[in-house]
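S.K.: Take a look at the following structure, please.
The values are calculated or read from the model by the stated rules, or taken from the named source; none is laboratory data. Nothing here was measured: the structure is a model prediction, and the numbers come from that model. Cβ sites come from the backbone with ideal geometry, for glycine too, and all protein chains shown count toward neighbours. Side chains are part of the model used for accessible areas, which takes the heavy atoms of the whole protein and leaves out ligands, DNA and RNA. Shrake-Rupley method; radii C 1.70, N 1.55, O 1.52, S 1.80 Å.
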Amino acid sequence: MGNQVEKLTHLSYKEVPTADPTGVDRDDGPRIGVSYIFSNDDEEAESQPPPPGPDGGGLPQGEDGGPPPPPPQPYDPRLHEVECSVFYREECIYQKSFAPGSAALSTYTPENLLNKCKPGDLVEFVAQAQYPHWAVYVGNFQVVHLHRLEVSNSFLTDASQGRRGRVVNDLYRYKPLSPAAVVRNALAHVGAKERELSWRNSESFAAWCRYGKREFKIGGELRIGKQPYRLQIQLSAQRSHTLEFQSLEDLIMEKRRNDQIGRAAVLQELAMHLHPTEPEEGDSDAARTKPPLERPPEPCWEEEDREAVVH
């Protein structure tokens, strides 16, 4: 029973059940109440590099025979990632901040990252338009990570798939287990796959290994009563927007979705939700924030959504 996971097929914030149908920001609490997730956290759907051209340097020209597209810009977390905090009731349990002078979110090439890793560290690989990929560093240049429905032991440079990475021990504020216990947790699950898994994504698996909290597992919490988790998204230095969730599992899925679609897309979705287009005179069906739904639609499962078994 605890394994039942329901999902909505909402594609934007304006279609989400809201606490206030007007979508107006207020100072007396969260503006949106959400118990579900928008989309699948499917790391297999990550963007792939373009096929090599004749000189091995990618496609030599545009698809229509025109000039080649501009080269990708260097990855900048402040441009692509969403600054946010996670609260359980009144306690802050996670924070990603771009405060001046903060170097915690700096990224490194896989080769340079190896020099910064110690056994038991959490490692995050990031790239534009991709879900962040988390792993546990277990020593000897190797990590354990959940990838494509299987827990694998890989060399860090292979697990990165060319992405830049960083050590992210300080994002979650839970008390960590000892490094030896973190490594044991990770190695004990190498080879687990598909229905043997208890985690929805690489972040939940890696965080569980380090903190040992059942909240990171599928069905690890009862989804009843008031929504105790809040995801506070920083819109600007003075403004933020808050989403509520019944479980940490759901919140992580939405947080990862935000990183995958990128900061600009998240801010655009929220702007459309908070300031919907005013209907023209006589047009009562123009786009606007919808009132709360009486019940969610039936979940829409895809092949990658197969439910894992909790142990």
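S.K.: If I ask for residues that are more than 30 Å from ALA271 (Cβ to Cβ), small (Gly, Ala, Ser) and not in a loop (DSSP other than H, G, I, E, B), which ones from the range 203-242 would you list?
M.R.: ALA206, ALA207
S.K.: Listed residues ALA192, ALA180, ALA188; which is surrounded by fewer than 23 Cβ atoms within 10 Å (Cβ to Cβ), without any contact (Cβ under 8 Å) to a residue 12 or more places away in the chain and of a type in the set (A, V, I, L, M)?
M.R.: Answer to the selection: ALA188.
S.K.: Working carefully through the options ARG210, ARG200, ARG164, ARG173, find the one that is surrounded by 19 or more Cβ atoms within 10 Å (Cβ to Cβ), within 16 Å of ILE93 (Cβ to Cβ), of a type in the set (Lys, Arg) and modelled with pLDDT of 95 or more.
M.R.: Sole residue among the options that is surrounded by 19 or more Cβ atoms within 10 Å (Cβ to Cβ), within 16 Å of ILE93 (Cβ to Cβ), of a type in the set (Lys, Arg) and modelled with pLDDT of 95 or more: ARG210.
S.K.: Just need a number here: residues in the range 218-263 that are open to solvent by 30 Å² or more (accessible area, probe 1.4 Å) and either touching a residue at least 40 places away in the same chain (Cβ under 8 Å) or in contact with a strand residue (DSSP E or B) (Cβ under 8 Å, 6 or more places away or on another chain) (or both).
M.R.: 11
S.K.: Can you pull out every residue in the range 127-178 that is of a type in the set (Phe, Trp, Tyr) and in a strand (DSSP E or B)?
M.R.: TRP134, TYR137, PHE155, TYR172
S.K.: Assess whether ARG288 counts as being of a type outside the set (S, T, N, Q), surrounded by 11 or more Cβ atoms within 10 Å (Cβ to Cβ) and either at pLDDT 95 or above or within 30 Å of PHE205 (Cβ to Cβ) (or both).
M.R.: Here the answer is no, as ARG288 does not meet what is asked.
S.K.: Out of everything in the range 110-147 that is at positive phi and surrounded by fewer than 20 Cβ atoms within 10 Å (Cβ to Cβ), what residue ends up being modelled with the lowest pLDDT?
M.R.: Filtering first and then ranking leaves ALA129.
S.K.: Still on this structure: Could you please find all residues in the range 68-77 being modelled with pLDDT of 70 or more and either among the β-branched types (Val, Ile, Thr) or over 14 Å from ARG164 (Cβ atoms) (or both)?
M.R.: Hit for the range 68-77 is PRO68, nothing else.
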